[in-house]
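First the structure, in the form of structure tokens, and then the observations on it.
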């Protein structure tokens, strides 16, 4: 698998781009897509407290999993990306209500999601240590999770991971505008 990182600012220190926003909350939306006979798609988008785009990632993996496991993989991918960029504290939103309930209540259902939950909690703990504020787990209906859903579905034609940093691709601008409603799309 190839990982492509697209940094339109090409700043030497990516934390300079975030600046004072590091003290505010960042919202991570994630979603997953099951492709018929050809694997899974994962999508995640991160915005700052004003709704400004901070990054997005999408990845296709081969294999088959149950929908809840794929949703957990999407959350993992998103938190990893937030941690790499030191975007903390996080509000993690997913349209998988069962997963969000398990993560927020600390349920350890080893038969269903134990391995995924443990890994997510480890990454969330790392993120929480950056800001000393606990990660928040929030259910978001599909209608509020459109960009992450599009990212998970759109990766179907590639077999790699793509990461956008600080500026969304043109193909995402319209979706961001609709998903955010009144929130700004680009840097504020």
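Coordinate-derived values only; no laboratory data. None of the values given here were measured: they were computed from a predicted structure. Neighbour counts run over all protein chains shown; Cβ positions are idealised from the backbone, glycine included.
Of the peptides 52-58, 28-34, the ranking by mean beta-carbon count within 10 Å, highest at the top, reads 28-34, 52-58.
Based on the Cβ-Cβ distance from residue 121 to residue 35, what FRET efficiency comes out when R0 is 22 Å, to the nearest 0.05? Taking R0 as 22 Å, the efficiency between residue 121 and residue 35 is 0.20. The label point for residue 24 and the one for residue 65, both projected 7 Å from the Cα toward the Cβ, are 3.2 nm apart. DSSP finds beta bridges in the range 21-178, and of those with both partners inside it, around 70 percent are antiparallel. Sorting 143-149, 113-119, 44-50, 167-173 by their mean Cβ neighbour count within 10 Å, with the most densely packed peptide first, gives 44-50, 143-149, 113-119, 167-173.
So what is the relative contact order of the range 21-178, in percent, for Cα pairs below 8 Å that sit 6 or more residues apart?
In percent, rounded to a whole number, it is 33.
Can you give the FRET efficiency for residue 50 and residue 98, using 1/(1 + (r/R0)^6), R0 = 35 Å, r = Cβ-Cβ distance, to the nearest 0.05?
On the way: r = 31 Å, r/R0 = 0.87.
Computed FRET efficiency for residue 50 and residue 98 comes out at 0.70.
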